[in-house]
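The values are calculated or read from the model by the stated rules, or taken from the named source; none is laboratory data. Predicted model, so just to flag it, every value in this text is computed and none were measured. Neighbour counts run over all protein chains shown; Cβ positions are idealised from the backbone, glycine included.
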Amino acid sequence: MYQALQTVHSYWAYLVLLVLTLATFNAIIKTLGKKYFGPPDFRISLFTLIVSHIQLLIGLIIYFVSPYFSAFSEVGMKGVMADSVLRLYLIEHPLTMIIAIILITAGYSKHKKKLASNKKFRTIAIFYALALLLILSRIPWNAWF
């Protein structure tokens with residue numbers, strides 16, 4: 001089960017990166033072009049929200065069934081923080097990804113309250129770009145390729 005979830009989590013991450021990048025650049029380009037916020041833009045931002053939340057759920061399940069998780073009881077927090085691999089998989093990656101999903105959720109929620117198209121796009125651009133940067137910073141690249 002763990003291997004299957006880990007495979008799904010890895011491949012789903014490509015989808016998350018693709019739609020998050022698309023939504024971010026869509027918002028940036030249309031902010032600069034002063035375009036109208038239409039239904040396709042709403043769908044792109046909503047799809048990004050949904051895909052990223054599914055990735056978070058898969059990631060949380062993996063976190064608790066992972067063989068790394070037992071390291072907390074074996075070496076303790078001090079041991080986890082001393083080991084760069086354990087720190088990445090047990091602290092840095094999950095925490096950063098949760099913060100990124102919070103940014104995506106906040107950006108999506110805030111953009112719905114804006115009335116002007118430019119403000120909607122700007123809100124999405126800022127929050128989604130920050131989330132994208134966080135996600136890119138904590139992907140375990142060496143294990144991913």
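Structural remarks
- Enumeration of residues in region 13-42 that are of a type in the set (Phe, Trp, Tyr) and under 29 Å from residue 113 (Cβ atoms): 25, 36, 37, 42
- Lone unmet requirement of (1) at pLDDT below 95; (2) β-branched (Val, Ile, Thr); (3) within 23 Å of residue 125 (Cα to Cα) for residue 7: (3)
- Lone unmet requirement of (1) of a type outside the set (Lys, Arg); (2) closer than 22 Å to residue 15 by Cβ; (3) surrounded by 17 or more Cβ atoms within 10 Å (Cβ to Cβ) for residue 123: (2)
- Of all residues making up region 91-106, the number that are free of Cβ contacts under 8 Å to residues at least 40 places away in the same chain and crowded, with 16+ Cβ neighbours inside 10 Å: 2
For every residue, the table says whether it meets (1) surrounded by fewer than 13 Cβ atoms within 10 Å (Cβ to Cβ); (2) not in a helix (DSSP H, G or I).
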site	(1), (2)
20	no, no
24	no, no
31	no, no
34	yes, yes
37	no, yes
44	no, no
49	no, no
55	no, no
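- Criterion (among the hydrophobic types (A, V, I, L, M, F, W, C), under 26 Å from residue 11 (Cβ atoms) and out of contact with any helix residue (DSSP H, G or I) (no Cβ under 8 Å at 6 or more places or on another chain)) met by exactly one of 101, 50, 135: 50
- Selection over region 54-70 of residues that are modelled with pLDDT of 85 or more, over 10 Å from residue 16 (Cβ atoms) and touching a Phe, Trp or Tyr at 6+ places or on another chain (Cβ under 6 Å) gives a count of 1.
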